[in-house]
Every structure is written in structure tokens, then in C-alpha cells.
Amino acid sequence: MRVELAHEYTFEAAHRLPMVPCDHKCHRMHGHSFRVEVCVAGEVEERMGWLVDFGDISSVVEPLLLGELDHRTLNDIPGLENATSELLCIWLWRRLKPSIAGLSAITVHETCTARCTYRGE
């Protein structure tokens, strides 16, 4: 049986979008309570009855989010100089894909009503 699991994480960070016009509100430094959803897809392992332990996902995701992104200015992080939700999704994918088997999607919720999903290259 094929399933897709999702686990959500949060972090706080500031950013600005340097490529938008100077009078655009996102050109100014501002912050978000980001939510990141990490999805993994694959076949349920018959004996265990699950695809993967959520703890195994968290052991990879949490150090990255808390150690490198939380309470930071995203624009200061190499690869996130133009820290859009789209580019943050891709940045996270590239960092997580080698360590999370079956990674199927990364969704970044920038606000309660705005999000971006990336499903790989």
C-alpha cells in the first residue's frame, strides 16, 4: 500500500525581497512564523505497518531548521540572498533530499494564507 506522510515544523525568521521594486512592502525587512511541511511517500512496510518513523524525519529536519534558519535573517544565508518562498522550498529540498528517503514534497507556509510547494527537480 502506497502512502504519503507529512510532518510540520516551524521556525521564525526575517527576510526581505531585494528583487522587487523599492516601494513594494516586501522590499523592506520583515519577519514570518514559517511553517514547513515535509512529505515522504512510499510503500508501507508490512511488519511495522508504517512507511517511516516520524522521529527519523525530525532528526534530519529539526537541526537544519533550528540550527540554520530559526531567528536568522534568511538573506544572510548562502543560497537565500533572494529569500522567496519558492527559493526557500528548493533550498530545503536540496539540503534534505540526500538524507530523507522517499522525500516527495516540501511546502513552505509563509503566512496563514500563502504557501509554496516543491516536488523536486
* Go through V61, V20 for me and flag whichever is surrounded by 16 or more Cβ atoms within 10 Å (Cβ to Cβ) and in contact with a His (Cβ under 9 Å, 6 or more places away or on another chain). => V61
* Asked: So which residues in segment 103-118 are surrounded by fewer than 16 Cβ atoms within 10 Å (Cβ to Cβ) and more than 15 Å from F11 (Cβ to Cβ)?
  -> S104, C112, T113, A114, T117
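None of the figures in this text is laboratory data; all of them are computed from the coordinates on show. Not measured: the values here are computed from a predicted model. Counting neighbours? That spans all protein chains shown, and the Cβs are built from the backbone with ideal geometry, glycine included.
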